[in-house]
Each structure stands twice: as structure tokens, then as C-alpha cells.
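The values are calculated or read from the model by the stated rules, or taken from the named source; none is laboratory data. The shown structure was predicted, so the numbers you read here are calculated from the model rather than taken from an experiment. All Cβ positions, glycine included, derive from the backbone under ideal geometry; neighbour counts span all protein chains shown.
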Number of protein chains: 2
Amino acid sequence: MNLQACGQKVRLAVLGLGSRGLGQMQTLLEMEDVDVTAVCDVYTDRAEAGAEAVQAARGHRPFVTSHYEEAIDRSDVDAAIIMTSWETHVPLAIFAMRHGKRPAIEVGGAASVEECWQMVRASEETGVPLMMLENCCYGEAELTLLRMVREQVFGTLVHCAGAYAHDLRDEIGNGDINRHYRQRHFLHRNGELYPTHELGPIANYLNINRGNRMVALTSMASMARGLHEWLGEHRKDRTDLMNAQVNEGDVVITLIRCANGETIQLTHDCTLPRFYSRGGVIRGTKGMWMEDGHFIFLEGRTPVDPSDWAHHPESDAKYMQEYMHPLWKAYRDFGVRGNHDGMDYLVLRAFVESVQNQTEPPIDVYDAASWMSITALSEASIAAGSLPMAIPDFTDGRWITERRSESRADFDL
Amino acid sequence: MNLQACGQKVRLAVLGLGSRGLGQMQTLLEMEDVDVTAVCDVYTDRAEAGAEAVQAARGHRPFVTSHYEEAIDRSDVDAAIIMTSWETHVPLAIFAMRHGKRPAIEVGGAASVEECWQMVRASEETGVPLMMLENCCYGEAELTLLRMVREQVFGTLVHCAGAYAHDLRDEIGNGDINRHYRQRHFLHRNGELYPTHELGPIANYLNINRGNRMVALTSMASMARGLHEWLGEHRKDRTDLMNAQVNEGDVVITLIRCANGETIQLTHDCTLPRFYSRGGVIRGTKGMWMEDGHFIFLEGRTPVDPSDWAHHPESDAKYMQEYMHPLWKAYRDFGVRGNHDGMDYLVLRAFVESVQNQTEPPIDVYDAASWMSITALSEASIAAGSLPMAIPDFTDGRWITERRSESRADFDL
């Protein structure tokens, strides 16, 4: 990746200008080779705030609309950044591809497996690539661990785990006030609603869709009690919310089996008091890493007291220095910037470059479809009492053939 | 519990004198109100070593046999401690009950649900209670956490997790040399082979079989690679082992749903390099605890920086002092003794007292049956591609009625 913004100008339509969308657009506006020519939100005040941000940064007013078709289908738009509510990512992305514009979609899950297929077919039929903006694939820890995995520090990988463990009761409980789509999803659905922050990096470690794939899953949801209690205490202003039935279990665990025998555990954990964590775990035949506690244990390297049968981990700090990913070394020299410890800038830059160079984005439509399908399949599994569900092969077998040895910008060492 | 050994003499048959059995017998022989009148092992050298240990401690030689029937069915035996291989716990316990002798069985899992029912029916038909020697139910941390749970420190419990995470490649790989039954189980089976160290304490937290019960589970196993690689490197002396097919997945995860909506995660994790952990996690509507890292986060108590969206945990140390269980307070005054940080003494003492007082043991045949059945059911689930399996109600509905408010020695506060 060329961290410096020095390519051909890319003109973007930005769709969805809630707090995430506005923040991402501001990171984009710091890139000299990016312009925003259209902004769109169903809430006109948000669209207007977006337009003002462009005006302030670039000295011109973009096209402003509440209709996504108008924002995307314009001659001065090269690509579309879709940061709308979860349920609209896929239809907007399909519209963009059908109109020849590369879409980048923010993270989220799918409501059905069918919409994932629609997204894949739209890309295949139009030849327009899609990228998912999974920023955590660009996290400093995640890329460092990817290098360790590739260099066999953990031996053969056997099991990985990750979580979206983030107490969001306040955000969800006040979702109607903040016009946040999360509230309606948590009230109505029950599944792994938000898998990609942890699944994206794990998919890279395990070569998912490139020589390996996710084959089947089973999910189980705990009772839904945390948000319900929170609403009872904090939303006495709205009796419908105060007494609302919450469908989303407080702790939803999904187990995934891969074609090559590895397993993945995902935990969705947003409505009980806790500390933030992406709950990363990497297990191999030569060692392990665990995010909580920053623990590592490497056979032959981590000191072991032979008189103590219970081995103990060590801090991962020195290994995280030793194995820093080349992209992050360059990024530190260049100057880390943007939100979420700098990973937002990297993922946006990757998209902009793929548009400039007309290359395949590093996180493509097959990654997006397979990762997003986990949400719909976990809902189906839970609805059927943890019945195992087959995960489709969105590559139609090409994970075994040409995709096996595909070179990937950013993620190859 | 009366920690002092000062009751009526209890005369024991001790069955199974491998390293665990011998160690437990030595802890028993430190109790003045316990005698060992019979020792039994299929290996005569082990039985002889047991006899010598009794001779050294008590100045008399016990009856020595390799036939369990002979050891149990004696007029000078009041009760039987069964510490044999996993697959023989149930038939020996049933024999003991059918002959009017209270059995205590070491921990392990069942090979079939049917043998769990046989064990329950033998106890019901004879009126002879059975106890499982789940020492971890008496661990200092586990009892402290039980008190915290009972005092609602975590609010309403929603989810618990635990693990048997112990790198046993050496022990299993050399199992034939050590005559350890674990080797044959790991080579042939694939499931949650050893659930009770973590499930026992969790069952106490969640009132399993006493107002709540485990309803269904699903299990998934990773590939079996760790032990296979270890055997290839370390057992070149035995080509059958060096090339052996290992069936037991390196990481086997079981998700359990309870009648009252709580979920339990169990992880069996014995054949990859790692540090030891029982992987405890307790999640409630007011807080959480996590064994790895000794982390706790309690709403309204753990300090939170309002400017930092990612909350952070604190050390559990001061809470573990504040909520120390009364049994452990007394035990510290009395003097902690025996193996495994003192919990072995407590669980053995509980059994001896239940024999002396002819009372119901604190961990009874319904607990043993339901906990042990998880092994057989997890194997079934994995064999059927993570199909969910219903967990039998071994109490035949009495978890809802008379067992709901049952008082329990040691575990009530």
C-alpha cells in the first residue's frame, strides 16, 4: 500500500452520515487524492452536516440527496462508500455495481443468505469489485499476528476465537434518540449480529476463501436480560421501550468448522456490563496467543518451570514488537492517523487505491458474502435449537483452484 | 463441615491405586476417623503399594485384591472410594450400591447416557447415595465465587464458561508406559471427555438439578493435530503410536442451554501447548469475572473512565478476600492440607462425613449423572455434525419440586 495520498483523484459518493459515516468521511477528506462529490442520508440534517464538512475541507458543496440512487448514479462519482444501516448495505452495494460504481461497504451482517448471493452475482455479472471496510483486518495487533501465523510461530493453526465484546446498552437503549439502527436489530433479531471485526482477521489467519473455507456452524444464545433490565431502569420516558421484549441474547456464541479442520469461535456480547475486548485467541501446534491479558505461550520460547505442572503464559509485548507487520512499520514512519488507532485510515486507503489502480480489493465480495452470511445462518441455527447450518461456498469451488494462490495486497508479507 | 476428623470410624475399600488413587488414599489416611480395610487394583504392584502405604500409616495390612467385588463386598468395609479408569467408575459404583456400600467416584465422563440412568436407578432402588469427588467444587476461588453469586454480586447470572485446559500431551503420549487410561480415550473418542472440573462449580452457581437444569447441548471439535505431532516426535520407540490416528480433537467446545435461559460453555483443551487454566467466566446483569488474568468488572464498583469508551477490568484480588467463603475461612484457620491447594481434603472429608452421619452427600447421584452424561452427549453431537442433543432430566422432574429448595451441606452459605 502507498500510504501517501498521491494517486489519481477518486470522486466518492458517501452514503450514510451518522456518526460513523461522518467520521470516516473526514478521514477520507484528509487524503488529497480523494474528493466527495455526493452525500446522501435519509435524514436531511445528517446529509447537510456531511455537505458542510465537505465544503469546509474542500471549498465546494457536494450534491446532497436523501435518495441513494441519485447519489450513486452520477457522472462525477467514481465509487460509493456505503455506511448506512446494516440492512441497507447489500441493496445499495448491488445498485452501485449495477451502475458501474465500485462500492465499499461498512461492516455488518446479512439478513439472509440469499442477499449474499445476490451481492456476489451482481459483482460477477457486472465485473465490478466490492470491498468490505473491515478495519480490524488492518489493526496493528491483527496484522502482527497475521505475520506470526504466516511465519509459523504458532505451528499449524488449529483453533481461533474472537468476540465483539462491547457493552452497548447505553447506545442501543437510546438508539431511537440517536436514530441508531442497532436498537431495532437487538429488539427483533437473535443471532451473531456483528461478526466481522473478529472474523475478518481470523479469516486471514486461516486462508478462508483462499485454500480453505468455512463449512458449517452452530450457534447458541443466552437469555436476553441485560438490555431488558437497562431499558426498565433508564427508559421510563418510553413505556414501549421500558417494557420491550428484547430478542437478542446477551451472549451469543457461534462455532464454525472449516474445510481443513480448524474451528472458529465467535462471541457476540453487547448487553451486559463488561470491559471492551475483541477476545482474540490463536491456537496452534506450537503455541498460543490470547488477547485478554495479552498472553502468549510459545513452545520452546516461553520459559517453563519444570517443577510446576501448571505452565504460565508470558506477556506478548516483546513478540508484538519483534513481528510487527511491514505495513505497520511503514505506517508508524508515515504517521498513524484517523480513528480506531489508525486502522480506519488504512482500510479506506486500501479501497481508494483499488479504485485508482482498478485492482481487486484486498477484502472482496466473496469475503464479504461469507462473513456476512454468518449472521443469517446463526439466526437460523438459534431458531432451530442450535441446529448446525451449512455455510455456502460463495466462490463456487474457486477457493480450491485459482483463489488458492491468489496474491493479496496488504495481507501478503 | 467439621474439618476435624473426629467422627465414628469409617472403614474404606480403596479401588484404583494409580498415582491419583494413592495420593487420595494418603490424604484419607491423615484422617484419624478413617481406616482403609481393603485395597484393589488390576495391577498387583499398585495394589501392593497401596497396602504398604496403609501398613505404614496404620500398622496393619489391609485386604489386597485385583477383583473389585472382593474388595467391596466385605463386612469390614463401610464405603468404597472408586478411583479406577474412567470407563469403570459406573459399574463399580453400581456394584457398591447393590451391595449396600456408599460409593464415592473420582471425576470422569460417561460413555453412554444409559449407564448414567443405571447409576441413578441403582441408587434409587437401593436407597444408597453416591457422591462424586469433584474437588473443584471445593476450590477456594470456586467457593468464593459461589458466595458472590449467591449474594447477587454479578446480578442475575446469564452465562458461565469453564475449561479443562491442560497440556497433557506428555502424560497421554506416554500413557501406555504409565498404564494411564487417558491414552486409549484420546486415541479412540472425540468429545468433551472431562467436563466436571469446570462444570461442577458452574452447576452450583446455576442451581443445576435444584430449580434449574441443563436442557440441551451442541459440541464441535477441531482437528486432532497436537497429540499426533507429539507422538510422531516422541514415540519413535513405538511405530503404532508414532503413526497412530488420534480421534480426540485438540479443542472441543460444548455449548449448553439451561432451562432458565442461562448458557454454559465448556472447553476441553489438552493436546496443544498452553498454560493451565480452568478458564472460568461468570457473566451477570451486574458484572463479570474471568479467571484468565484474574479480571473482574462490577457495575458501579469497578472504576470507569468516562472519557474512555473501552472500559477496563480490575484485579479480582480484593474481592476474593472480601467474599471468602465461610468454609474456606474455617479451613485456613484449621490449616489447609492435602493436594491441589487443599481442595482434595475438603471433598474427601465431605464424603467421609456423609457416611458417618448417613446424610445425603453434597454432590449426589443426580449431579454425577447429569455432569457425566455431557461426555456421551458431546460425542453424539460431534458424531452427528454438531447436532443439538437433549440432556436427560435424571431427577424425573424433581428439580422443579422437592429438590428446588433442598439444603446442601457445604454449598449453602
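Of the candidates B:Trp309, B:Trp328, the single residue that is under 30 Å from B:Leu28 (Cβ atoms) and not assigned by TED's automatic domain parsing to the domain that holds B:Gln26 is B:Trp328.
Please pick out the residue among B:Arg283, B:Arg278, B:Arg274 that is at the interface with chain A (Cβ under 7 Å from one of its Cβ atoms) and closer than 29 Å to B:Ala390 by Cβ.
Being at the interface with chain A (Cβ under 7 Å from one of its Cβ atoms) and closer than 29 Å to B:Ala390 by Cβ holds for just one of B:Arg283, B:Arg278, B:Arg274, which is B:Arg283.
Of the residues making up the stretch B:366-406, those that are under 14 Å from B:Leu193 (Cβ atoms) and buried (at least 18 other Cβ atoms within 10 Å of the Cβ) number 11.
For the structure I just gave you, tell me whether A:Leu266 is closer than 28 Å to B:Ala310 by Cα, in contact with a helix residue (DSSP H, G or I) (Cβ under 7 Å, 6 or more places away or on another chain), more than 10 Å from every other protein chain (Cβ to nearest Cβ) and surrounded by 22 or more Cβ atoms within 10 Å (Cβ to Cβ). The answer is yes for A:Leu266. Among the residues of the stretch B:360-411, those identified as closer than 14 Å to B:Pro129 by Cβ, in a loop (DSSP other than H, G, I, E, B) and touching a strand residue (DSSP E or B) at 6+ places or on another chain (Cβ under 6 Å) are B:Pro361, B:Ile363.
Whenever a residue of the stretch B:340-369 is within 29 Å of B:Gly397 (Cα to Cα), its partners that are aromatic (Phe, Trp, Tyr), lying with C-beta atoms within less than 7 angstrom and at least six residues away or across chains, give the pairs B:Val347/B:Tyr138; B:Pro361/B:Phe351; B:Pro362/B:Phe411; B:Tyr366/B:Phe394; B:Ala369/B:Phe394.
Restricting attention to the stretch B:130-179, the residues that are within 14 Å of chain A (Cβ to nearest Cβ), in contact with a strand residue (DSSP E or B) (Cβ under 6 Å, 6 or more places away or on another chain) and among the aliphatic types (A, V, I, L, M) add up to 5.
When A:Asp344 is tested against (1) assigned to a helix (DSSP H, G or I); (2) under 29 Å from A:Leu217 (Cβ atoms); (3) more than 18 Å from the chain's Cα centre (by Cα), exactly one condition is not met: (3). Taken over the stretch B:181-230, the criterion of being at pLDDT below 95 and at positive phi is satisfied by no residue.
Exactly one residue out of B:Gly155, B:Gly191 is more than 23 Å from B:Asp393 (Cα to Cα), of a type in the set (Gly, Ala, Ser) and either assigned to a loop (DSSP other than H, G, I, E, B) or assigned by TED's automatic domain parsing to the domain that holds B:Thr27 (or both): that is B:Gly155. Cβ-Cβ distances below 8 Å connect the following pairs, each with a first residue in the stretch A:401-413 that is under 15 Å from A:Ala203 (Cβ atoms), a second residue that is β-branched (Val, Ile, Thr) and buried (at least 16 other Cβ atoms within 10 Å of the Cβ), and a separation of six or more residues or different chains: A:Arg403/A:Thr395. Filtering A:Glu314, A:Glu402 for residues that are over 21 Å from the mean Cα position of the chain (by Cα) and away from chain B (no Cβ under 14 Å) leaves a single hit, A:Glu402. Of all the residues in the stretch B:203-251, those that are facing chain A (nearest Cβ under 9 Å), part of a strand (DSSP E or B) and surrounded by 23 or more Cβ atoms within 10 Å (Cβ to Cβ) number 6.
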